[in-house]
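Accompanying notes for the structure given below.
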Amino acid sequence: MAGNITALEYEGGVVAIDSGMVRPQMAACYLLETDTAVAVVEAGNNDSAGRILKVLTSRGRQPEEVSHVIVTHVHLDHAGGAGKLMQKLPNARLVVHPRGVRHMTDPSRLEASARTVYGDEKFDEMYGTLLPVPEDRVLVMEEGSSLTVGKRELSFIDTPGHARHHFCVWDEQTAGWFTGDTFGISYRELDTENGPFIFPTSTPIQFDPPALVSSVRRMMEKAPRNMYLTHFGRVQDVQRLSKELINGVEHFAVLGERFDAHENRQQEIQTAMMKWLMERARGHGVTCSDDTLREIFMGDVVLNTQGIEFWLDRGRQRDT
Ligand SMILES: [Zn+2]
C-alpha cells in the first residue's frame, strides 16, 4: 500500500496518483503500466517524486523499469518536478514537446516567468528549486510521432490553445487521451448524479481560444472513450464534456472582450467568471455550500483571468 496517497486504478493499466499539490485531488500524475515497462505521465512538483515512487513500488514495480516520463507541457504543476523525478528513475527518458525542451534542460527562464505569475512566496512554497534535465536524457515528440512503452503504442499530437508547448498523448489500448490541460479541469469533488463537471483552464501566458477549440475537436476525432485529465483523473461521457468545454472556452473569450475596456477589468472578469462557474455547478446538481464552492474555484478563477488578460493584451495580435 502507498500510505494515504490517493491512487486510483483504472482499466488497462492506468493509475492516477495524487501529486500532492495544494489540496487533495487537485493535480494528478499517471502510471501507464505494461508487462515490461512503465511510463509516468506528468511529473507534478518536486514533492511529487516521492509520492510517485511510493505508489510505483507499492505496485511491485521498480524505478529501473520506468522507461519514460512524459510531460504534456512545461507548466510547473505538470513539469516542475521533472528534474527531481528523473534523478530517481535511472533508465527513463523525459518526453517533451519541441517548444518545451529548452525549459527542461535549463529551467531558469521558466522559473523566472512562473515567479511573476505566482509571486516569490507562493512559488517557493509550491515549487522550490527547479532542477535541469540532462540533454541526452530528453526525447522530443513532434506532431504525429509515436512511442512504444513495453508493448504499448502511444502517439502524440500538437495541441495549442492552453499553451503552445502542449501535446496530448493517445493511448490506443484504452482509447484514451492524456489531456494535460487541453481538455480542461474536472474536479472529482464536483461529481454529481449528472456525472463530471468540467470547465476550461486559460492559465497564462498562451491562452488562445480558437486554437484550444480546434485542439479539443481534433482529440474528439479519435472517438475517445477515456480522457485522463491532470486536474483530476479519468472522465468518460466525453461527448457531453467536449461540448461543455468548448462552450466554456468561447465564454471565456466573450468575458474578456466584454470587460476589455473597463477600468476594473481584472476584477470584473473574475467576478463574472466566478458567478458563471457557480451557476453552472448548481445547475449540474452540486450541493456543497457557496463558501466551499468559491474556495474550490478561486485559484482557477484568478489564474484563468490572468490568462485571459494576457490574451487580450498580447495573444489576439497573433490572430491578425
Ligand atoms: Zn497548464
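A few comments on the model shown:
- Residues that are touching a helix residue (DSSP H, G or I) at 6+ places or on another chain (Cβ under 7 Å), within 16 Å of the ligand (Cβ to nearest atom) and not assigned by TED's automatic domain parsing to the domain that holds TYR30 do not occur anywhere in segment 266-282.
- Of all residues making up segment 17-56, the number that are of a type in the set (S, T, N, Q) and out of contact with any strand residue (DSSP E or B) (no Cβ under 7 Å at 6 or more places or on another chain): 3
- Count of segment 45-73 residues which are buried (at least 24 other Cβ atoms within 10 Å of the Cβ) and within 25 Å of GLU142 (Cβ to Cβ): 6
- All positions within segment 188-206 that are within 16 Å of the ligand (Cβ to nearest atom) and either closer than 16 Å to GLY248 by Cα or acidic (Asp, Glu) (or both): ILE198, PHE199, PRO200, THR201, SER202, THR203
- Of the strands (runs of 3 or more DSSP E) entirely within segment 1-87, those holding at least 2 residues that are under 24 Å from VAL117 (Cα atoms) occupy 28-33.
- The sole residue among TRP170, TRP177 that is surrounded by 24 or more Cβ atoms within 10 Å (Cβ to Cβ), more than 12 Å from the ligand (Cβ to nearest atom) and not assigned by TED's automatic domain parsing to the domain that holds ILE308 is TRP177.
- Of all residues in segment 78-102, exactly one satisfies the criterion of being within 16 Å of the ligand (Cβ to nearest atom) and surrounded by fewer than 24 Cβ atoms within 10 Å (Cβ to Cβ), namely ARG99.
- Counting only residues that are surrounded by 15 or more Cβ atoms within 10 Å (Cβ to Cβ) and at pLDDT below 90, segment 116-127 holds 3 of them.
- Filtered by the rule that a residue be in contact with a Lys or Arg (Cβ under 7 Å, 6 or more places away or on another chain) and part of a helix (DSSP H, G or I), segment 133-156 gives a lone residue, ARG137.
The values are calculated or read from the model by the stated rules, or taken from the named source; none is laboratory data. Bear in mind that the values here come from a model prediction, so they are computed numbers and not experimental data. No Cβ is skipped: glycine too gets one built from the backbone with ideal geometry, and neighbour counts run over all protein chains shown.
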